[in-house]
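Trainee: My questions all concern the structure below.
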There are 2 protein chains.
Amino acid sequence: MKVIEEYKEKVNFYLMKFLEGKFDKNKDISPEVKDLIEDVIDYAYERGGKRVRPITLTFAYKCFKEGDEALKASIAIELMQAYLLIHDDIMDKSDLRRGKATIHEIYKKRYNEHMGTSMAILAGDLCFGYIYDAIADSGFGEKEKVEAMKHIGWILEREIYGQTLDLLLDFKEIKEEDVWKIYEYKTATYTMQGPIYLGCALAGVNDERVEKLQEYAYNVGVAFQIQDDINGIFGEVDKTGKPNVDDAKEGKKTLLIVKGLEMCRDEDKKFILKKWGDEKISEKEIEKIKKILKDCGALDYCKKKLDELIEKGKSSIKDVELRDEGKKFLLDMADYVRSLC
Amino acid sequence: MKVIEEYKEKVNFYLMKFLEGKFDKNKDISPEVKDLIEDVIDYAYERGGKRVRPITLTFAYKCFKEGDEALKASIAIELMQAYLLIHDDIMDKSDLRRGKATIHEIYKKRYNEHMGTSMAILAGDLCFGYIYDAIADSGFGEKEKVEAMKHIGWILEREIYGQTLDLLLDFKEIKEEDVWKIYEYKTATYTMQGPIYLGCALAGVNDERVEKLQEYAYNVGVAFQIQDDINGIFGEVDKTGKPNVDDAKEGKKTLLIVKGLEMCRDEDKKFILKKWGDEKISEKEIEKIKKILKDCGALDYCKKKLDELIEKGKSSIKDVELRDEGKKFLLDMADYVRSLC
């Protein structure tokens, strides 16, 4: 989407301005504090990113009001992502994020493993606080700020519950309903519902149109996760820019896999259970799993769900009275999510 | 202080009400989420605590306005403490908190070590979000809420920088100025300065009286840390309720120890460096260190600093026009901190 490219630069401007402000104000406390803020700036800004979430927030605002006033506040949701990813990296034991060392890896190399964990906890905590600071700093009225902060609390709480479900799933048999719950709490909340709630709150809107937008957000948010899962194994690296072996190595519990296990033959189930999550899984074995998921109908099941979610999302806002600029963005966004697959 | 006992129950009432609300609203998401919130309630509420910080906030408010309106918001600072302690417990590798297993220990036993760390990160994050929720939920006007949230951001940021300094101190030679900086950022901020800023913000006051109160808060806050350090080795367990061997075993870098290392004879310095931080340090060796700290003048130095800080704190508010109820509490609090030693 062309508009994403255009607005990305605008988000980057405010994001950098905010982070530079933090740096300038605190860099002289000590060299260690200076390093920490620099690491956070590198992680949250320098490594790039599409900035889809803050842009979605900005256009949710544009559903009701003209102008780019929401941009300065929109960086809150990008700082939230930095917080979530830094802490998730610890929990997932991820070494790399966008091709560079994760925060806990940086400090592990600089000091030791426990310091890696400790400093990444602190870096994430720092970004957590920055989320609220960005709203306080946003130039909106106090009423809008308080409403936005309440929604941020709602998003963060659901994210934490979603991550709890995700982590503890390793210790019990996974059912399809567990996966849907995680998609709702962990993905839809901060990918779509959060940005849209915040956009509405900043526009001072709190009526049935918000409910409709939330229906859109839930459906498109979950659809986003399902396309991500499909691309996580069926995607072409050239197109997605992401390796399509990571999910397999990590043993990610996606709808596609859970459904595959349910629908495939017993011997195929044994094969998936043995290989999915094996760090040494070969290209050939991944190809075999892809064939199983295709043949048993799990891939079609997920693609059908994806289409249904996209359609449901789009139709929930089609007849709602919203400003064209905002509505067009959201409808295009739904098609864009669909097109990624 | 009798007033602390009386107000403790009031703080507990609002704290429990808030946490029960979170529990009731989210307990049905899944058994895992229910467990997590129960663990947080146990940690932040059931295990007790003097609630000195929220009470200080309430009386800072009373410096300007009559009534207990600030109580409901005051639990924010108690939830902040829960967040700080849960994450600090991970970093300090502490197994126990108030005689019961820390969150990471609970989940380590329930699952495994990495899950212990992960779930404690999430539990701390949950409390972090609760801080802001408590303010949003407090019944104050939007202006006061936004001011309070800005101060919370200020406190949290300084805490994180203070903890960064503290952790990374292990990797360089400690100087007295480092210790003072940590006391300022890590202790004074959330023990005294934070609660007092929040009390003022909720009362809608933002003039030179706040500056004077901050002078009080910095001095008494640092004094509190110094008495804690002295009691950490010289305290009688019967009186303080805390073991007086933990600091030695942990190798806590206190002003008392740093000053002792600077002032004592070379052979005594070698002895302290060898034994301070040794988990197997004996009672006899601790007694020897106590004697060294006394003989070289480090104990007297710290006691003198403590007295100076208390006096400076008290005199900064003596002539400021404040409501009697609030002012009396703060002056008594300074004497109380002094009396603990």
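Trainee: Look through B:Gly204, B:Gly232 and report the one residue that is among the small types (Gly, Ala, Ser) and either free of Cβ contacts under 8 Å to residues at least 12 places away in the same chain or in a helix (DSSP H, G or I) (or both).
Mentor: Details: B:Gly204 fails: either free of Cβ contacts under 8 Å to residues at least 12 places away in the same chain or in a helix (DSSP H, G or I) (or both).
Just one listed residue meets the conditions, B:Gly232.
Trainee: Does segment A:65-72 include one or more residues that are out of contact with any strand residue (DSSP E or B) (no Cβ under 6 Å at 6 or more places or on another chain), over 16 Å from A:Phe13 (Cα atoms) and in contact (Cβ under 8 Å) with a residue 40 or more places away in the chain?
Mentor: yes
Trainee: A further question on this structure: Here is a list: A:Asn206, A:Asn231. Which entry is closer than 21 Å to A:Leu340 by Cα, touching a Cys at 6+ places or on another chain (Cβ under 8 Å) and not hydrophobic (A, V, I, L, M, F, W, C)? It would help to see each step written out before you state the result.
Mentor: Working: A:Asn206 fails: closer than 21 Å to A:Leu340 by Cα.
Only one candidate passes the filter, namely A:Asn231.
Trainee: In segment A:332-341, is there at least one residue being among the charged types (D, E, K, R), without any contact (Cβ under 8 Å) to a residue 24 or more places away in the chain and under 30 Å from A:Glu66 (Cα atoms)? Lay out the reasoning, then the answer.
Mentor: Let us first name the residues in segment A:332-341 that are among the charged types (D, E, K, R), namely A:332, A:335, A:338.
Adding the requirement that they be without any contact (Cβ under 8 Å) to a residue 24 or more places away in the chain leaves none.
Taking every residue of segment A:332-341 in turn, none turns out to be among the charged types (D, E, K, R), without any contact (Cβ under 8 Å) to a residue 24 or more places away in the chain and under 30 Å from A:Glu66 (Cα atoms).
Trainee: To continue, here is another question. Give me the pairs, please: first residue somewhere in segment B:150-169 and farther than 10 Å from B:Ile182 by Cβ and in contact (Cβ under 8 Å) with a residue 12 or more places away in the chain, second residue anywhere and part of a helix (DSSP H, G or I) and among the basic types (Lys, Arg), beta-carbon distance under 7 Å, and either six or more positions apart or on two chains.
Mentor: So the pair list comes out as B:Glu159/B:Lys186.
Trainee: Right, here's the next one. Need the failing condition index for A:Glu105 against (1) crowded, with 21+ Cβ neighbours inside 10 Å; (2) more than 9 Å from chain B (Cβ to nearest Cβ); (3) more than 23 Å from B:Gly162 (Cβ to Cβ), just the number.
Mentor: (1)
Trainee: I would also like to ask the following. Do you know which residues across segment B:35-50 are farther than 14 Å from B:Leu85 by Cα and either facing chain A (nearest Cβ under 10 Å) or buried (at least 20 other Cβ atoms within 10 Å of the Cβ) (or both)? Talk me through it step by step, then tell me what you get.
Mentor: Let us first name the residues in segment B:35-50 that are farther than 14 Å from B:Leu85 by Cα, namely B:35-38, B:46, B:50.
Scanning segment B:35-50 gives B:Asp35, B:Leu36, B:Ile37.
Trainee: Further question: Determine which member of the set B:Ala70, B:Ala120 is within 14 Å of chain A (Cβ to nearest Cβ), crowded, with 19+ Cβ neighbours inside 10 Å and at pLDDT 95 or above.
Mentor: Numbers: B:Ala70 fails: within 14 Å of chain A (Cβ to nearest Cβ).
Only one candidate passes the filter, namely B:Ala120.
Trainee: What number of residues in segment A:299-341 are of a type outside the set (D, E, K, R) and either closer than 17 Å to A:Pro195 by Cβ or outside any helix (DSSP H, G or I) (or both)? Spell out the reasoning first.
Mentor: Applying the first criterion (of a type outside the set (D, E, K, R)) to segment A:299-341 yields A:299, A:301-302, A:306, A:309-310, A:313, A:315-317, A:320, A:322, A:326, A:329-331, A:333-334, A:336-337, A:339-341.
From what is left, the residues that are either closer than 17 Å to A:Pro195 by Cβ or outside any helix (DSSP H, G or I) (or both) are A:313, A:316-317, A:320, A:322, A:326, A:329-331, A:333-334, A:336-337, A:340-341.
Here the count works out to 15.
Trainee: Follow-up. Scan (1) in a helix (DSSP H, G or I); (2) closer than 18 Å to A:Glu157 by Cα; (3) among the β-branched types (Val, Ile, Thr) for the single condition B:Ile29 breaks and write down its number.
Mentor: Result: B:Ile29 fails condition (1) only.
Trainee: Among the residues of segment A:74-89, is any in contact with a helix residue (DSSP H, G or I) (Cβ under 8 Å, 6 or more places away or on another chain), facing chain B (nearest Cβ under 8 Å) and over 18 Å from A:Phe23 (Cα atoms)?
Mentor: Within segment A:74-89, one or more residues are in contact with a helix residue (DSSP H, G or I) (Cβ under 8 Å, 6 or more places away or on another chain), facing chain B (nearest Cβ under 8 Å) and over 18 Å from A:Phe23 (Cα atoms).
Trainee: Would you check which residues across segment A:145-167 are farther than 20 Å from B:Lys25 by Cβ and either within 7 Å of chain B (Cβ to nearest Cβ) or surrounded by fewer than 21 Cβ atoms within 10 Å (Cβ to Cβ) (or both) and list them?
Mentor: Correct list: A:Lys145, A:Leu167.
Trainee: Hey, can you tell me all the residues within segment B:92-129 that are touching a strand residue (DSSP E or B) at 6+ places or on another chain (Cβ under 8 Å) and under 23 Å from A:Gly129 (Cβ atoms)?
Mentor: The initial filter retains those residues of segment B:92-129 that are touching a strand residue (DSSP E or B) at 6+ places or on another chain (Cβ under 8 Å), namely B:95, B:102, B:105, B:109.
Correct list: B:Thr102 only.
Trainee: Take residues that are under 15 Å from the mean Cα position of the chain (by Cα) and tell me which of the helices (runs of 4 or more DSSP H) falling wholly in segment A:44-114 contain 2 or more. I'd like the intermediate steps shown before the answer.
Mentor: Numbers: elements: A:52-62, A:71-91, A:103-110.
Where helices (runs of 4 or more DSSP H) fall fully within segment A:44-114 and carry at least 2 residues being under 15 Å from the mean Cα position of the chain (by Cα), they are A:52-62, A:71-91.
Trainee: Taking segment B:289-340 as the search range and keeping residues that are surrounded by 19 or more Cβ atoms within 10 Å (Cβ to Cβ) and of a type in the set (Gly, Ala, Ser), which one is farthest from the chain's Cα centre (by Cα)?
Mentor: It comes out as B:Ala298.
Trainee: Considering only residues that are of a type in the set (A, V, I, L, M) and either surrounded by fewer than 22 Cβ atoms within 10 Å (Cβ to Cβ) or not in a helix (DSSP H, G or I) (or both), which ones fall in segment B:168-183?
Mentor: Our first condition is that a residue be of a type in the set (A, V, I, L, M); within segment B:168-183, this holds for B:168-169, B:174, B:179, B:182.
B:Leu169, B:Ile174 - these are the residues of segment B:168-183 that are of a type in the set (A, V, I, L, M) and either surrounded by fewer than 22 Cβ atoms within 10 Å (Cβ to Cβ) or not in a helix (DSSP H, G or I) (or both).
Trainee: A further question on this structure: Look at B:Glu184 and say whether it is within 27 Å of B:Thr164 (Cβ to Cβ) and acidic (Asp, Glu). Break it down stepwise before answering.
Mentor: Values: within 27 Å of B:Thr164 (Cβ to Cβ): yes; acidic (Asp, Glu): yes.
It is true that B:Glu184 is within 27 Å of B:Thr164 (Cβ to Cβ) and acidic (Asp, Glu).
Trainee: Is it the case that segment B:259-270 has a residue that's modelled with pLDDT under 90, among the basic types (Lys, Arg) and farther than 12 Å from B:Ala298 by Cβ?
Mentor: From segment B:259-270, those modelled with pLDDT under 90 are none; that's our starting set.
No: segment B:259-270 contains no residue that is modelled with pLDDT under 90, among the basic types (Lys, Arg) and farther than 12 Å from B:Ala298 by Cβ.
The values are calculated or read from the model by the stated rules, or taken from the named source; none is laboratory data. Just so it is clear, the structure is predicted and the values come from calculations on it, not from any experiment. Positions of Cβ are backbone-derived with ideal geometry, glycine not excepted, and every protein chain shown enters the neighbour counts.
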